[in-house]
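To keep things clear, I will list the structure first and then write my remarks on it.
The values are calculated or read from the model by the stated rules, or taken from the named source; none is laboratory data. Please read these numbers as outputs of a predicted model, since none were measured by experiment. Every residue, glycine as well, gets a Cβ built from its backbone with ideal geometry; the counts of neighbours run over all protein chains shown.
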Amino acid sequence: MNLGVEMTKNDEKRVSKAIRKADSRKKCLMLVNDIAEASLRGTRLLTNSDTSDIERSIRATAGVDAAGNYIRSNEQRVCADMLNALWNLSLCLIDVQAESLDAKGELAKVTGLFILVHEYQHFSEYLNELCWTRSGAYNARLQERAVSISQLVPYFYNMSLREEDDAMRVIDLKLPDEGSSTIFEVIERAKQKSSRLKALIKAMRDVMSQKQVPINVIIERIDDFEEEMRERIRAIKRILYRTDFEGWEELRATLVTSASPKLAMMDALPDYDDLLADQAEYEQTLFLLNQKSPMTVLGR
């Protein structure tokens with residue numbers, strides 16, 4: 001069933017039939033998913049009639065002791081635990097959204113810096129092309145002139161002539177030393193933010209698994225957050241090198257041998273799936289997700 005589309009009469013009949021055949025735990029899970037769907041997406045999985053039927057069936061499992069005191073059933077406790085999990089997971093989802101924005105902000109800075117590195121390389125290649133002669137060699141005088149001009153006001157480029165393997169010199173344009181260190185600092189901050197995001201999501205998944213409360217809309221949301229991070233990091237790394245073409249591994253081996261600074265920058269930013277979740281953040285989130293919500297405490 002498409003959750004974003006209003007249920008048809010046949011859908012309603014199928015759901016009502018499934019509710020009648022379901023045990024108490026499945027009924028509670030249906031109810032919790034309906035609440036989450038309505039809260040987070042503004043749609044419903046159940047009709048008002050279905051909701052009332054589930055609530056009545058759960059209330060009917062309660063008992064009364066010899067003194068006439070109301071006794072909560074095991075089914076009611078299970079349902080309360082599921083509602084408690086939904087409350088805590090919904091709050092944690094807000095933290096995930098905030099952490100995702102922070103991580104994307106740092107990754108945007110990495111993007112800008114990688115673009116700058118890429119443009120520096122292109123400018124360096126352009127200058128070398130200007131100095132190339134028909135005889136198949138570089139014009140040394142033009143190269144030296146370009147380097148000397150680059151070091152004057154207002155340019156101050158970190159440009160020099162580098163010896164190649166064939167004994168020719170080429171113009172080499174680098175970022176300022178402080179620029180290179182800044183890139184690695186920004187990458188480290190992006191890694192930390194992404195690692196915290198991963199820890200939050202891992203804790204949410206583990207709690208839903210341990211408590212056997214799969215809340216579909218929340219699972220879809222955190223799946224979307226993670227997929228967006230995966231693709232964003234892949235796209236950033238492709239600014240420096242196209243890693244999706246057939247000869248990439250061969251080129252990479254050459255870059256490793258030559259200690260390429262660009263490769264070092266790219267490798268400093270791991271793919272999302274290779275990131276380690278922040279352990280302290282994970283444990284703290286797991287602790288909070290297992291706390292009793294205000295509703296549960298007041299209802300005891």
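Determine which single condition GLY105 fails, assuming it passes every other condition in (1) surrounded by 12 or more Cβ atoms within 10 Å (Cβ to Cβ); (2) at pLDDT below 95; (3) more than 19 Å from LYS202 (Cα to Cα).
(2)
In the range 97-147, how many residues are among the hydrophobic types (A, V, I, L, M, F, W, C), in contact (Cβ under 8 Å) with a residue 60 or more places away in the chain and in contact with a Leu (Cβ under 6 Å, 6 or more places away or on another chain)?
Total meeting the criteria: 2.
Residue-wise test of (1) at pLDDT 95 or above; (2) surrounded by fewer than 18 Cβ atoms within 10 Å (Cβ to Cβ); (3) out of contact with any helix residue (DSSP H, G or I) (no Cβ under 8 Å at 6 or more places or on another chain).
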{"position": "ILE183", "(1), (2), (3)": "no, no, no"}
{"position": "ARG189", "(1), (2), (3)": "yes, yes, no"}
{"position": "ALA253", "(1), (2), (3)": "no, yes, yes"}
{"position": "LYS292", "(1), (2), (3)": "no, yes, no"}
{"position": "THR296", "(1), (2), (3)": "no, yes, no"}
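If I ask for residues that are at pLDDT below 80 and surrounded by 12 or more Cβ atoms within 10 Å (Cβ to Cβ), which ones from the range 140-167 would you list? Full working, then the answer.
Of all residues in the range 140-167, those at pLDDT below 80 come to 146-147, 149-161, 163-167.
If the condition is that a residue be at pLDDT below 80 and surrounded by 12 or more Cβ atoms within 10 Å (Cβ to Cβ), then ALA146, VAL147, SER150, GLN151, TYR157, ASN158, MET159, SER160, LEU161 are the ones that fit.
So, of the residues in the range 93-135 that are assigned to a helix (DSSP H, G or I), over 19 Å from LEU263 (Cβ atoms) and of a type in the set (Ser, Thr, Tyr), which turns out to be nearest to the chain's Cα centre (by Cα)?
Ranking the candidates gives SER100 first.
Tell me the helices (runs of 4 or more DSSP H) entirely within the range 184-300 that contain at least 3 residues that are farther than 28 Å from ARG44 by Cα and not charged (D, E, K, R).
Output list reads 216-240, 248-257, 261-268, 279-289.
Only residues that are surrounded by 14 or more Cβ atoms within 10 Å (Cβ to Cβ) and either over 9 Å from the mean Cα position of the chain (by Cα) or within 30 Å of CYS28 (Cα to Cα) (or both): list them for the range 220-232, please.
Matches in the range 220-232: ARG221, ILE222, PHE225, GLU226.
What number of residues within the range 186-234 are of a type in the set (S, T, N, Q) and farther than 24 Å from ALA108 by Cα? Give the steps one after another, and end with the answer.
First, pick out the residues of the range 186-234 that are of a type in the set (S, T, N, Q): 192, 194-195, 209-210, 212, 216.
Applying the additional criterion that residues be farther than 24 Å from ALA108 by Cα yields 209-210, 212, 216.
Summing the residues that are of a type in the set (S, T, N, Q) and farther than 24 Å from ALA108 by Cα in the range 186-234 gives 4.
Taking SER194, is it at pLDDT 95 or above and among the hydroxyl-bearing types (Ser, Thr, Tyr)?
Against the criterion (at pLDDT 95 or above and among the hydroxyl-bearing types (Ser, Thr, Tyr)), SER194 qualifies.
Examine the range 227-238 for a residue that is under 14 Å from LEU89 (Cβ atoms) and modelled with pLDDT of 90 or more, and state whether such a residue exists.
Looking through the range 227-238, none of the residues is under 14 Å from LEU89 (Cβ atoms) and modelled with pLDDT of 90 or more.
If I ask for residues that are under 18 Å from the mean Cα position of the chain (by Cα) and either buried (at least 19 other Cβ atoms within 10 Å of the Cβ) or without any contact (Cβ under 8 Å) to a residue 12 or more places away in the chain (or both), which ones from the range 203-216 would you list?
ALA203, MET204
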